[in-house]
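Rule-based calculations on the coordinates, nothing more; no lab input. Model, not experiment: these values are computed from the prediction. All Cβ positions, glycine included, derive from the backbone under ideal geometry; neighbour counts span all protein chains shown.
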There are 2 protein chains.
Amino acid sequence: MRQIAIIGIGQSPVTENWDQSIREIAGEAIIAALHDAGLTSADGIFIGNMLSGQLSKQENLGALVADWVGLRGQDAVKVEAACGSGAAALRLGIMAVGSGELESAIVAGVEKMTETKGAETTSALATAADADYEVIQGVTFVGLNALVMQRYLHEYGWRHTDFAPFSINAHANALHNPAARLHEMITEQDYQRARMIAEPINLLDASPIGDGAAAVVIVPLEDVRRKFPSQAGLKRRNIRISGSASATDYLAVHSRKDPLWLAAAERSTRQAYAQAGITPADVDFFELHDAFSIMAALSLEACGFAERGQAPRLGLDGEITIHGSIPIATRGGLKARGHPVGATGIYQIVEAVQQLRGEAGATQIENAQIGMAQNIGGSGATIITHILEADRVN
Amino acid sequence: MRQIAIIGIGQSPVTENWDQSIREIAGEAIIAALHDAGLTSADGIFIGNMLSGQLSKQENLGALVADWVGLRGQDAVKVEAACGSGAAALRLGIMAVGSGELESAIVAGVEKMTETKGAETTSALATAADADYEVIQGVTFVGLNALVMQRYLHEYGWRHTDFAPFSINAHANALHNPAARLHEMITEQDYQRARMIAEPINLLDASPIGDGAAAVVIVPLEDVRRKFPSQAGLKRRNIRISGSASATDYLAVHSRKDPLWLAAAERSTRQAYAQAGITPADVDFFELHDAFSIMAALSLEACGFAERGQAPRLGLDGEITIHGSIPIATRGGLKARGHPVGATGIYQIVEAVQQLRGEAGATQIENAQIGMAQNIGGSGATIITHILEADRVN
């Protein structure tokens, strides 16, 4: 397969956006990404989205968005893997361009989820879990994650407050990201006093939903210099996708032998590491799927950054900040940038590219060379991992 | 890109299936396809589906189905392009295997849509159209197609009854397809007397919805003999995918300069013909998207089988039957095999493989070498075309 480069990024701010329809939100990010790439078109359009049918009564999102951004005619499709829809769409775009079938693609994630009533949105989000064996019991998506967190606290003996650094770090980084949903510094005391949602998950353990879209433009790496002269003029580092892998697990959490181990994260990360020829020690930062603080911990463990049951230690030791050994949520993460579910996976990629290009401002990681992004659909059921690397300046 | 072969097919009967959940229906077709291929696993699973979120309150269908069929761990995703979801999933599967990223894939289409109330299903189907500019006016999906048919009758001077051969042919062929939803011969008189749905579309112009799943197993053509010895023993003809293309159009019918021309069908078919190196005259049969009889006519014209406004002539002259020059709906088509929307595109592929293998029984086309299948999402908004060719016996 041909190697793939990301030559354009775009995003809309994550917010409560009642003024724009889903096509307008997607269009904003896509036009920005095309502009950033110096292009006006692309061969294919891949839209990551989970909820448009349920909440906007709109499917056929590929054609809808292609039409809206002036690319009608082009190959376009929607991809769904619950909250992992964005990265799932990227992976399909990579294979489409990598195969030689398309010469370029726009991959966007979009979600519009705040204009409906809370109960309706919560119910729609629960479709990420097993309808027949989990949801039918009345458990919500946050409820499932609360059961997992409770078990983690019990099993490994941590206190709830030991998870505070995950949220504090995310909020601190989001302060410097104009596209983030939340711009408020929080303290450990705020974390301890936050309103309980589903014990032990409180408001500051949980990521906020939101409306938003993010987009990237991908082309074959070999073409960047030859076919896209605008890129050469930018004196940017090439951003290459050196790993892409997706794995699944039992959909229902109760079916797993060990509900505290993200087997699909381990599997997809192992594949991605092998493709990139790296180990966890080579990763300069990790945009992980911190939908809940417990998920940040489980991801760090399954991906090889902490021993089983030891991830909170990384937070307490300051290793997850931008100056630590494994910075996470460097632009705010799901926790503070916000979690417009089907779009999240592409926000992560946009943020990783910002880091690798040196465009991350106050949260820039020095000499960032290799970044990893991981997007999760369901409570660990579908996990897609991408590794991005910065090459020499064009 | 590597060439792709289809080495396994499976399908569940299209029916009103209240006894099985969506995962069970999908599983039935997938297990049958794996069995037909002589395999027990595949690297990736691509699920074409439109309505699971809205009607079964279940998303994350990739992981759900992978889990159910015993392939948890594998790369799995859901693909949506309204009623074109099945073929859209196939196209992504082809690129994934073609790229070398996967060595094999299961592509399935599944839909469960009869267990909900009629109004709910009709409303969910309308999400294939433009929610903000079409559906908001109160027009249903059949209503949109009725407007197009009315315009066609007005523009070209045909009588409604001139469309009867499309439905009569589909019903006649479905009689011999055990997986078809409708097994009843109809006459021109039945057609003329059928209950009106949305003038001029009557009950016998419209395809019935249904529950069902169809699946295929794809591998690189070069591997068929080398890596899959079970295939050699079968003395089957290799079935090669020689063309795969997808194109879009304005989502809203009223935006199109000519609502009677399927521009996306013309575009995707032209690309597919070029890939296969053939012309319409080389096509031995055409599994087209006859969701409504008017769509059969428009497809025949846009794909080069009839002059503009002249497709009904093909029906009246008997050219669309299995003995004619361009047989369509050879196993019943959407009209009589039934239209479980996100599954339909894969049923078409299964049926095309049956023809090319010589397994189509009483509706077998003599010496069928090249078949074309076309799946449509929305009223012509997303159109995916595949060309299949039978190679020599292994």
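Return the pair list, or none, for Cβ contacts closer than 9 Å from residues in segment A:30-47 that are in contact (Cβ under 8 Å) with a residue 40 or more places away in the chain and within 16 Å of residue A:234 (Cα to Cα) to residues that are part of a helix (DSSP H, G or I) and polar (S, T, N, Q), at least 6 apart or on different chains.
So the pair list comes out as A:37/A:230; A:37/A:231; A:38/A:230; A:38/A:231; A:39/A:230.
Conditions tested, residue by residue: (1) surrounded by fewer than 24 Cβ atoms within 10 Å (Cβ to Cβ); (2) free of Cβ contacts under 8 Å to residues at least 60 places away in the same chain; (3) under 18 Å from residue B:1 (Cβ atoms).
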| position | (1), (2), (3) |
| --- | --- |
| B:59 | no, yes, no |
| B:64 | no, yes, no |
| B:76 | no, yes, no |
| B:82 | no, no, no |
| B:86 | no, no, no |
| B:97 | no, no, yes |
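Could you check segment B:181-266 for helices (runs of 4 or more DSSP H) lying wholly inside it with 1 or more residues that are charged (D, E, K, R) and over 30 Å from residue B:142 (Cβ atoms)? Outline the logic, then answer.
Numbers: elements: B:188-193, B:223-227, B:229-233.
By residue number, B:223-227.
Give, as residue ranges, the helices (runs of 4 or more DSSP H) completely inside segment B:1-92 that count at least 2 residues that are touching a Lys or Arg at 6+ places or on another chain (Cβ under 8 Å) and facing chain A (nearest Cβ under 9 Å).
Ranges flagged: B:61-68.
Quick one: which strands (runs of 3 or more DSSP E) sit completely within segment B:277-394 and have at least 3 residues that are in contact with a Phe, Trp or Tyr (Cβ under 8 Å, 6 or more places away or on another chain) and away from chain A (no Cβ under 14 Å)?
B:370-377
Checking residue A:313 against (1) out of contact with any strand residue (DSSP E or B) (no Cβ under 8 Å at 6 or more places or on another chain); (2) among the basic types (Lys, Arg); (3) in contact (Cβ under 8 Å) with a residue 24 or more places away in the chain, which single condition isn't satisfied?
(3)
Mind checking which pairs have a first residue in segment B:113-127 that is over 14 Å from residue B:197 (Cβ atoms) and a second that is hydroxyl-bearing (Ser, Thr, Tyr), Cβ under 6 Å, 6 or more apart or different chains?
B:113/B:121; B:126/B:140
Restricting to segment B:120-134, give me the number of residues that are in a helix (DSSP H, G or I) and either more than 7 Å from every other protein chain (Cβ to nearest Cβ) or within 14 Å of residue B:52 (Cβ to Cβ) (or both).
8
Of all residues in segment A:99-123 being more than 22 Å from residue A:207 (Cβ to Cβ) and not β-branched (Val, Ile, Thr), which is surrounded by the most Cβ atoms within 10 Å (Cβ to Cβ)?
A:105
Condition check ((1) surrounded by fewer than 21 Cβ atoms within 10 Å (Cβ to Cβ); (2) more than 24 Å from residue A:344 (Cα to Cα); (3) polar (S, T, N, Q)) across all residues:
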| residue | (1), (2), (3) |
| --- | --- |
| A:217 | no, no, no |
| A:222 | yes, yes, no |
| A:229 | yes, yes, no |
| A:238 | yes, no, yes |
| A:241 | no, no, no |
| A:245 | no, no, no |
| A:248 | no, no, yes |
| A:254 | yes, yes, no |
| A:269 | no, no, yes |
